[in-house]
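Derivation of every value follows stated rules applied to the coordinates shown; laboratory data play no part. Predicted model, so just to flag it, every value in this text is computed and none were measured. Here the Cβ is made from the backbone with ideal geometry for all residues, glycine too, and neighbour counts use every protein chain on show.
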Amino acid sequence: MSARRIALRGIGVNSPAGAGLAAHEQWWGEGRPSCLGPTGKHAGDPYMAATQSGEVPGWRARNHVPDRKSIKLMFPRVQLGIGAALEAWDADGWTEDDAPEPPERRAMYAACGLTVDEDWTFRDAVHAGAVDGRFDMVRFGQEGQGLLNPLWLVKGLSNNVLAFVARYRTITGPNDNFMAGAVGGFHALDAAVGELEAGRADRALAGTSDSLVTIEDSLAFARDGALAAGLVPSQGAGFALLTPGEPGDFGILAVGTGFHAGRAEAPWQLPPGTSEALDALAQETRGDLVPALRIRGPRLADAGDIDLWTPLGDPGAAASGWMLAAAWLARTVDRVHGPIELAVADPTGELAVVILGTLP
Amino acid sequence: MTRVVVTGLGVACPLGTDPETVAQAQRDGRSGAGPLADAFDTTHFEVQTACRVPDWDPSHLGRFAPALADSGDRKAEFGVHAAVQALRHAFGDDASAQAAIAALPGRAALHTASGLVSSLPAEGEADVLACLGPDRAFDFAASMESLKAANHLRARHFTDRVNQLLAWGYGFSGPSLVNHGACAAGAVAIGTAARWIRRGRCDLAVAGGFESMIHPFGVLSFQMLGALSERTDCDHTAVSRPFDSTRDGFVIGEGAGMLVLESEEHARARGATVLGVVHGLGSSLDSYRTTAPPPDGRGAVVAMRAALAEAKLQPADIDWVSAHGTGTPLNDSAETAAVRAVFGDRGVAPPLISSKSAIGHAVAAAGAVEAVLALLALRDGIIPPTLNLNSPDPECDLDHVPHEARRAPDARYVLSNSFGFGGVNGSLVLGRADT
């Protein structure tokens with residue numbers, strides 16, 4: 001149980017169910033129909049191995065990113081993360097002019113997935129730098145390097161969501177950026193709760209974004225057998241706004257993280273014994289609390305009470321962000337008032353459990 | 001409040017691959033810079049200098065070597081090397097470390113840091129060249145065969161692999177995380193792991209960072225932004241010039257630094273030797289530009305003040321500052337402004353030194369490697385030098401300890417800065433063992 005009460009004040013979410021919380025409320029009310037479809041913008045690309053994916057429908061970055069000229073520096077996962085983070089931040093009517101807290105007491109913790117597509121970005125440069133089908137350093141120096149986009153490093157920064165949102169909302173306080181696969185968003189939540197509990201921040205964002213709808217991911221999943229096994233790559237983001245709370249608020253009751261050191265047969269599979277390890281962590285984390293609802297992460301044998309992954313696909317690191325949004329919707333749409341247990345595992349072995357509910 | 005003590009150190013950096021060798025080189029004021037051409041053909045590159053880990057031989061990684069073989073993943077090799085070294089330093093040998101970690105189910109943690117994983121040329125061959133048929137048409141079947149053959153190369157993109165290997169090798173089952181906070185990542189990982197211990201989330205953690213971008217695409221990514229020194233009119237060891245008026249960019253480095261952190265109670269109970277103390281972390285965001293700090297260094301000011309606050313120290317308590325000190329014109333002047341804002345002008349502010357003058361910029365690992373160097377310097381009673389400071393920039397007018405290490409037997413506290421792209425800042429307050 002947290003030493004100080006931390007409330008969940010708002011949610012921002014993007015997924016194949018739509019852009020923004022309102023679209024998700026409608027989707028939730030309709031019984032959560034499948035949103036998967038044939039791949040969109042990559043459909044005609046011969047490099048794209050996946051034939052089905054979960055993309056955010058009708059996504060227009062310019063509707064969600066305040067600084068349009070920077071959109072060219074943002075991969076889709078960054079755009080989706082910025083959109084969700086700003087939606088969460090503004091959910092309680094926050095404005096810069098009326099903000100009660102100074103910028104250095106605004107915090108943000110974000111998680112991300114792998115930055116991919118680089119080799120495909122390099123296609124022309126690598127090809128120009130080849131001699132007889134092999135990469136040649138001298139030829140590349142002469143012919144290839146000039147074909148590289150000079151801003152590719154900036155575009156690929158893994159902390160871009162953090163950096164842009166900080167700029168858009170003048171967030172200058174505690175922060176961090178993690179990569180922990182599907183578990184990352186809960187690490188972000190844990191860190192944000194820690195800052196608020198310690199009194200180092202008054203308002204914090206926590207969440208994650210990712211997109212597996214990329215050529216490189218698609219080819220990797222094809223190679224690993226994941227597509228043949230039914231994995232549908234997806235994309236999205238989920239962020240939560242946290243502040244100190246009062247008794248009766250909806251908030252964070254407990255967070256637990258751990259590691260299961262098993263070895264999976266394939267990179268996208270969970271190691272044997274993961275479910276048991278996660279159950280043990282959940283038991284330890286919830287203590288005497290009895291969950292009214294259990295939401296489980298993707299790829300687990302135990303699907304929990306709500307299946308997000310069959311209708312929405314697998315969004316990689318964004319999974320934990322969606323789970324926060326699902327808990328919010330269960331609370332606001334389905335009127336679930338008991339504790340909600342969220343538990344997720346990643347193929348790397350990382351585990352996390354979050355218990356949400358009414359603050360005592 | 002729980003004190004978080006350091007009981008093990010591990011390092012791979014351009015000055016050496018064990019703490020004592022590195023400490024001696026730091027005391028001697030040696031540089032780890034050399035020709036970038038030792039790494040790959042640089043005939044058509046503007047940049048010609050790098051700080052590489054010397055005489056690197058991954059075969060000594062023992063039981064971890066097979067898992068890392070053939071992936072070309074120097075950064076993971078450095079990370080595993082430094083972590084294993086730190087654990088052996090803390091516990092004497094692998095078996096003792098493994099037994100100690102097994103006795104802490106769910107309470108032995110890993111918090112590492114790494115950075116951008118740019119492709120190797122071999123990946124370009126496998127992912128692009130081998131997938132193209134006549135007329136550069138994409139051949140899907142060929143791509144599948146090529147990608148299978150190159151599977152081992154892709155493994156290096158999963159930066160949590162170091163945590164995985166350590167978990168498999170030693171039985172860690174507590175929190176595990178990889179920080180991706182750009183060039184502040186290593187420092188923030190150490191400070192965050194210390195907070196995990198203070199919050200009671202774990203009793204022990206291996207924390208630090210690992211990185212290598214010394215390969216063609218990695219170097220190019222910084223070169224094209226104009227961040228690297230392109231100087232060729234001097235010896236390689238004289239290229240990195242933080243706070244000098246002739247500075248023109250940083251020298252790319254590589255390496256890893258790892259600390260074993262424990263609650264003081266846990267360390268004392270097992271009779272461990274305390275090597276230092278992690279007193280505080282401050283993190284902040286510039287909310288400014290992606291690749292440049294605000295000229296007044298205001299984000300850095302917030303981070304340094306937050307670190308001092310968590311450490312419950314005043315600016316006057318800090319004996320010297322280990323600067324981010326990259327040697328880029330913008331960073332060094334902004335950092336100087338920030339240090340003045342927190343500590344006062346020259347004569348009042350403590351000495352501000354840049355280890356990057358000797359080891360280059362290890363990107364995401366920088367803060368972790370520099371934390372190891374700072375703890376060794378505190379132990380040795382010295383303030384490390386800033387090399388190549390021949391014509392100090394008047395805009396950076398502070399006491400930079402040029403050329404030679406300075407005796408400082410009474411120094412107790414160091415503040416170590418790490419700032420990164422995206423406007424992220426991390427400051428650590430580290431203390432001598434008796435603080």
Next on the checklist: Given the options A:LEU342, A:PRO247, A:GLY313, identify the residue whose Cα lies farthest towards the positive end of the charge dipole of chain A (+1 on Cβ of Lys, Arg; -1 on Cβ of Asp, Glu).
Outcome noted: A:GLY313
Item to check | Extension gain (nm, one decimal) between B:ASP93 and B:MET144, 0.36 nm per residue minus Cα-Cα | outcome: 14.0 nm
Checklist entry - For chain A, what does -39500 (n - 2.57) per DSSP helix run (n ≥ 4), summed and divided by total residues, give at 222 nm, in deg cm²/dmol to the nearest 500? => result -8000 deg cm²/dmol
Next on the checklist: Check which residues have an amide H placed less than 5 Å from A:ALA111's amide H, if you skip close sequence neighbours.
Outcome noted: A:PHE178, A:GLY207, A:THR208, A:SER209
Checklist outcome for this item: per DSSP, antiparallel bridges as share of beta bridges in chain B, % nearest 5, sits at 70 percent
Checklist entry - If each residue's Cβ is checked for other Cβ atoms within 10 Å, how do B:PHE421, B:PHE158, B:PHE250 rank with the fewest at the top? => result B:PHE158, B:PHE421, B:PHE250
Checklist entry - Scaled to the compact-protein estimate 2.2 N^0.38 Å, what is the alpha-carbon radius of gyration of chain A, rounded to two decimal places? => result 1.00
Checklist entry - Given the rule -39500 (n - 2.57) for each run of at least 4 DSSP H residues, summed and divided by the residues of chain B, what is its mean residue ellipticity at 222 nm, to the nearest 500 deg cm²/dmol? => result -10000 deg cm²/dmol
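Quick check for me: using +1 on Lys/Arg Cβ and -1 on Asp/Glu Cβ, what's the dipole size of the protein assembly as shown about its Cα centre, in debye to the nearest 20?
Numbers: 64 positive and 92 negative charges, 232 e Å.
That gives the protein assembly as shown a dipole magnitude of about 1120 debye.
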Checklist entry - Measuring from label point to label point, each 7 Å out along Cα→Cβ, what is the A:VAL138 to A:ASP90 span in nm? => result 5.7 nm
Item to check | Where labels lie 7 Å past Cα in the beta-carbon direction, separation of B:ARG136 and B:ASP38 in nm | outcome: 3.8 nm
Checklist entry - By a straight-distance test (C-alpha under 14 Å), which aspartates and glutamates pair with A:LYS41 as possible cross-link partners, with residues fewer than eight away in the same chain excluded? => result A:GLU55
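Given axes a ≥ b ≥ c from the Cα gyration tensor, I'd like to know whether the range B:10-131 is rounded (a/c under 1.5), prolate (a/b larger than b/c) or oblate.
Since a/c reaches 1.5 but b/c is at least a/b, the shape of the range B:10-131 is classed as oblate.
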Checklist outcome for this item: Amide H proximity to B:ASP244 below 5 Å, modelled H, separation 5+ or other chain, gives B:ASP393
Checklist entry - How many Cβ atoms of partner chains, on average, are near each residue of A:40-48 if near means within 10 Å of its Cβ? => result 2
Checklist entry - Once the mean 1/r over all distinct Cα pairs of the protein assembly as shown is inverted, what Kirkwood radius in angstroms do you read off? => result 26.0 Å
Item to check | For the range B:69-187, alpha-carbon Rg and Dmax in angstrom | outcome: 18.4, 61
Checklist entry - Which value results when the Cα radius of gyration for the range A:260-355 is divided by 2.2 N^0.38 Å? => result 1.05
Checklist entry - Along the range A:29-42, what does the Karplus equation 6.51 cos²θ - 1.76 cosθ + 1.60 (θ = phi - 60°) give for ³J(HN,Hα), rounded to whole Hz, x for Gly and Pro? => result x, 7, x, 6, x, 5, 10, 7, x, x, 4, x, 5, 8
Item to check | Semi-axes of the equivalent ellipsoid for chain B, Cα gyration tensor, largest first, Å | outcome: 32, 28, 18
Checklist entry - So which residue, out of B:PRO216, B:PRO384, B:PRO105, gets the largest mean-square fluctuation from a GNM of chain B using Cα contacts under 10 Å as springs? => result B:PRO105
Checklist entry - If you plug each phi of the range B:398-404 into the Karplus form 6.51 cos²θ - 1.76 cosθ + 1.60 with θ = phi - 60°, what whole-Hz ³J(HN,Hα) values come out, in order, with x for Gly and Pro? => result 9, 7, 9, 6, x, 6, 10
Checklist outcome for this item: Averaged over the residues of B:294-301, the number of partner chain Cβ atoms within 10 Å of each residue's own Cβ comes to 1
Item to check | R0 of 41 Å, Cβ-Cβ distance A:ASP97-B:GLU264: FRET efficiency to nearest 0.05 | outcome: 0.35
Checklist entry - Based on the Cβ-Cβ distance from A:ASN149 to B:ALA103, what FRET efficiency comes out when R0 is 51 Å, to the nearest 0.05? => result 0.50
Checklist entry - Taking neighbour Cβ counts within 10 Å as the exposure measure, how do B:CYS131, A:CYS35 sort from fewest upward? => result A:CYS35, B:CYS131
Next on the checklist: Explain nothing, just compute: Karplus ³J(HN,Hα) = 6.51 cos²θ - 1.76 cosθ + 1.60, θ = phi - 60°, for every residue of the range B:199-215 in order, whole Hz, x for Gly and Pro.
Outcome noted: 7, x, 6, 7, 9, 8, 8, 9, 9, x, x, 8, 6, 8, 10, 8, 8
Item to check | Dipole-positive endmost among A:ALA198, A:ALA85, A:VAL354 within chain A (Cβ charges, Cα centre) | outcome: A:ALA85
Checklist entry - In what sequence do B:GLU264, A:GLU350, A:GLU87, A:GLU276 fall when counting other Cβ within 10 Å, fewest first? => result A:GLU276, B:GLU264, A:GLU87, A:GLU350
Checklist entry - What average count of beta carbons from other chains do you get within 10 Å of the Cβ of residues in B:119-127? => result 6
